[in-house]
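Inspection log for the structure reproduced underneath, given as structure tokens.
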Amino acid sequence: MSSTAPPTLTSAEVKEVDALAQERFGISVEWLMEAAGWQVARFCGDPTTVVCGIGNNAGDGLAAARHIHRWGRLVSVCCIDAQRLKGPAARELDALRRVGVDVSTELHLEHSATIVDAIFGTGVSRAPDGRFAEWIDAINASRSRVVAVDVPSGLDSDTGVAYAPTVRADLTVTLGLPKPGLAGADGPRLCGDVWLADIGVPFEAYAAVGADVPPDLFSAADRVHLVVAR
């Protein structure tokens, strides 16, 4: 583990890094999504339900579900509106269905020791509503361990402001680099245990947006435990 704290990425920088990785360095969003899913799946060692929204965060969750299924731990996959998935996330949905996994449009949390929260990622700027809010409330009402993908759904990844409702995670797997909201405002009380996972983003892409990543950040391990002051 690096002796230097890693820099953080704002939601705007996340989008810029994704674009740079693909356009300048030839690392597609699909590759990053696959790596993200594999990393998340490694934190799910017991019967797991994956709950997805409609964006790229949902794609990370669907990729995780496919690996959890391979390892015999998948209980169910629930997606708020699978028809709204596009691009890489839609392709992850297709891959999951091709191995025989049904994706439900209804929320089923029974028989799950762990719930993967892949409803919202970075970029949330208002309170969840409708089914999004209902599903977040249901996750919080469950007694299952909750693993959030990148940030807990409903948390502003830049400011740490928690909109109502926001997922209360037991563990957050933040991807590539930490998000400032995990350590700010409401973040520390909602993110649980925070792990930083390497998903293969070139450090040159981070440097292009001004993020100076310690070269030895992932030299000892591909995931790093972060200490978040509470």
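The values are calculated or read from the model by the stated rules, or taken from the named source; none is laboratory data. What you are looking at is a predicted structure, and each value in this text was computed from that prediction instead of being measured. A quick note on method: Cβ atoms are made from the backbone with ideal geometry, for glycine too, and the neighbour counts reach across all protein chains shown.
Quick notes
- Taken over the range 120-151, residues that are over 23 Å from residue 226 (Cα atoms), without any contact (Cβ under 8 Å) to a residue 60 or more places away in the chain and in contact with a strand residue (DSSP E or B) (Cβ under 7 Å, 6 or more places away or on another chain) amount to 1.
- Note on the range 23-77: residues that are under 17 Å from residue 109 (Cβ atoms) and among the basic types (Lys, Arg) amount to 1.
- Hits in the range 113-137 (condition: part of a helix (DSSP H, G or I) and either touching a Leu at 6+ places or on another chain (Cβ under 6 Å) or under 12 Å from residue 79 (Cα atoms) (or both)): 131, 132, 135
- Being modelled with pLDDT of 95 or more and not in a helix (DSSP H, G or I) is a property that residue 46 has.
- Subset of the range 193-213 that is of a type in the set (Gly, Ala, Ser) and part of a loop (DSSP other than H, G, I, E, B) - its residue that is farthest from residue 8 (Cα to Cα): 200
- In this structure, residue 117 does not qualify as touching a residue at least 24 places away in the same chain (Cβ under 8 Å), within 17 Å of the chain's Cα centre (by Cα) and farther than 19 Å from residue 44 by Cα.
- Restricting attention to the range 176-185, the residues that are closer than 14 Å to residue 124 by Cα and surrounded by fewer than 24 Cβ atoms within 10 Å (Cβ to Cβ) total 1.
- Filtering the range 51-73 to residues that are closer than 21 Å to residue 167 by Cα and either among the small types (Gly, Ala, Ser) or assigned to a strand (DSSP E or B) (or both) leaves 51, 52, 53, 55, 58, 59, 61, 63, 64, 65.
- Matching option when the condition is crowded, with 16+ Cβ neighbours inside 10 Å, of a type in the set (Asp, Glu) and assigned to a loop (DSSP other than H, G, I, E, B), among 216, 158: 158
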